[in-house]
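Computed from the coordinates by the stated procedures, all read-outs in this text should not be read as laboratory data. The shown structure was predicted, so the numbers you read here are calculated from the model rather than taken from an experiment.
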Amino acid sequence: MVLKYTSKRPDEELDGLQALEDHFKSAQHDDVVAVVVISGHTLVEDLNDGMRTATVRMKQVEPLTGAEAQAARKLLTDAYVKRTGNEPLPLEDAADGAELPTIPWGGESE
């Protein structure tokens, strides 16, 4: 089964993305971290084969910035790893000033 999404946006007071319209109109905009509340919208059953298809919609969406966005990205990564088992590569450790490991073949002449 594939879960479907409606194209209807949240009601005006529950749609925090509207304040970012100019941000998304820029040529090179950054990603936005947002918290979204999803609700069930419809459930359709095919009378021929009994297949059921659920549709959900965004009920509320609020963009996050700064420390809140960083915390949300951490939660998102943790939830992804828990759901899929796919661990991210530990490259962020190298950004802390640690030396990257060398590759023992090719690339450098001695």
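The calculated Kirkwood hydrodynamic radius for the range 11-71 is 14.2 Å, given to one decimal from all distinct C-alpha pairs.
Residues in the range 59-72 carry Karplus couplings, in order, of 8, 8, 9, 10, x, 10, 9, x, 4, 5, 5, 4, 5, 5 Hz; the curve used is 6.51 cos²θ - 1.76 cosθ + 1.60 with θ = phi - 60°, and Gly or Pro positions show x.
Close amide H pairs (under 5 Å, H built 1.01 Å from N) link Ile38 with Lys59, residues at least 5 positions away or on another chain. One chain, two ends: Thr6 and His41. Fully extended at 0.36 nm per residue, the span grows by 11.8 nm beyond their Cα-Cα distance. Here the Karplus curve 6.51 cos²θ - 1.76 cosθ + 1.60, taken at θ = phi - 60°, turns the phi angles of the range 41-49 into couplings of 10, 9, 9, 10, 10, 6, 5, 6, 10 Hz, with x standing for Gly and Pro.
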